[in-house]
Amino acid sequence: TGLLARPLWGTLSVELGVIETKKTDPGTNKGFRPVVSYANGPLTVRAGVEAIRWGDGAEFQKATGFGATGSYNLGGITLLGNYAHLKVDDGGVDLKQDTFGLVANADMGLTGGVILSNTKVPGAEKFKITTLYAAYAIPFFDIKGATILPAFSYSKAGGSNRNPDEKGLRLRFFYTF
């Protein structure tokens, strides 16, 4: 029944996100984000692009980017890898950013990951940030669908524009209806 329960070649889907807002500050925002997804058993792969433009009159800024995500369920643990590239043109200075991420999510509620980010601005040294984080989902008393999620993160910056290392602690409450 395994082959009969799901399509032999997996499923393919397409999603299109569209953005349009009109405000006085920072002006009109317009953009689109198409995403293609493929899933087959424990494997899921997604790829997309993004183009956004904002501003007033002839003073428009724009951002373009693309990304890809893949996840694989190993039975009890799901591994997820991500890559994203962003280019922002604010009318003179082009900023480019590449971000890589790797996450492991265990069915028992433990999640951990690492995120590496590199930012380049012409005329400046490359700026790097490395972030490590861990979280654990704990049932909230005996309330069905309620969990508490404590999480910790640590970020270290590199390059001449080095900021101090940052530590974060967060506590979230979730309730699923």
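How would you rank 168-175, 130-137, highest first, on the average number of other Cβ atoms within 10 Å across their residues?
Numbers: 168-175: 9.9, 130-137: 15.9.
Averaged packing, sorted descending, gives the order 130-137, 168-175.
Going by average Cβ neighbours within 10 Å, how do the peptides 143-153, 30-40 rank, with the highest at the top? Mind dumping the intermediate values first?
Details: 143-153: 13.2, 30-40: 15.1.
The densest-packed peptide leads the list: 30-40, 143-153.
Quick one: pull the percent of accessible area on the chain belonging to carbon and sulfur, 1.4 Å probe, ligands and nucleic acids left out.
62
Using the heavy atoms of the protein chains and a 1.4 angstrom probe, tell me the accessible area per residue for the chain in square angstrom. Can you show the working numbers first?
Values: 12370 Å² over 177 residues.
Counting only protein heavy atoms, the per-residue value for the chain is 70 Å².
For the pair Tyr136 and Glu59, how long in nm is the line joining their label points, each one 7 Å along Cα→Cβ?
5.1
Among Leu79, Val93, Ala124, whose Cα sits farthest toward the positive end of the charge dipole of region 50-126 (+1 at Cβ of Lys/Arg, -1 at Cβ of Asp/Glu, about the Cα centre)?
Going by the Cα projections, it comes out as Leu79.
What pairs from Lys22/Lys87; Lys22/Lys126; Lys22/Lys144; Lys30/Lys144; Lys126/Lys167 go past 32 Å between their alpha carbons? Intermediate values should be presented prior to the final figure.
Numbers: Lys22/Lys87 23 Å; Lys22/Lys126 35 Å; Lys22/Lys144 42 Å; Lys30/Lys144 42 Å; Lys126/Lys167 22 Å.
Long pairs (Cα-Cα over 32 Å): Lys22/Lys126; Lys22/Lys144; Lys30/Lys144.
Determine the relative contact order of the chain: mean sequence separation of Cα pairs under 8 Å and six or more apart, normalised by residue count, in whole percent. Before the final figure, lay out each step's value.
Values: 418 pairs, mean separation 18.7, N = 177.
Computed value for the chain: 11 percent relative contact order.
The values are calculated or read from the model by the stated rules, or taken from the named source; none is laboratory data. The model shown is predicted, which means the values in this text are computed figures rather than measured ones. Every residue, glycine among them, receives a Cβ derived from its backbone with ideal geometry; neighbour counts consider all protein chains shown. Ligands, DNA and RNA are excluded from the accessible area calculation, which covers all protein heavy atoms including side chains. Shrake-Rupley method; radii C 1.70, N 1.55, O 1.52, S 1.80 Å.
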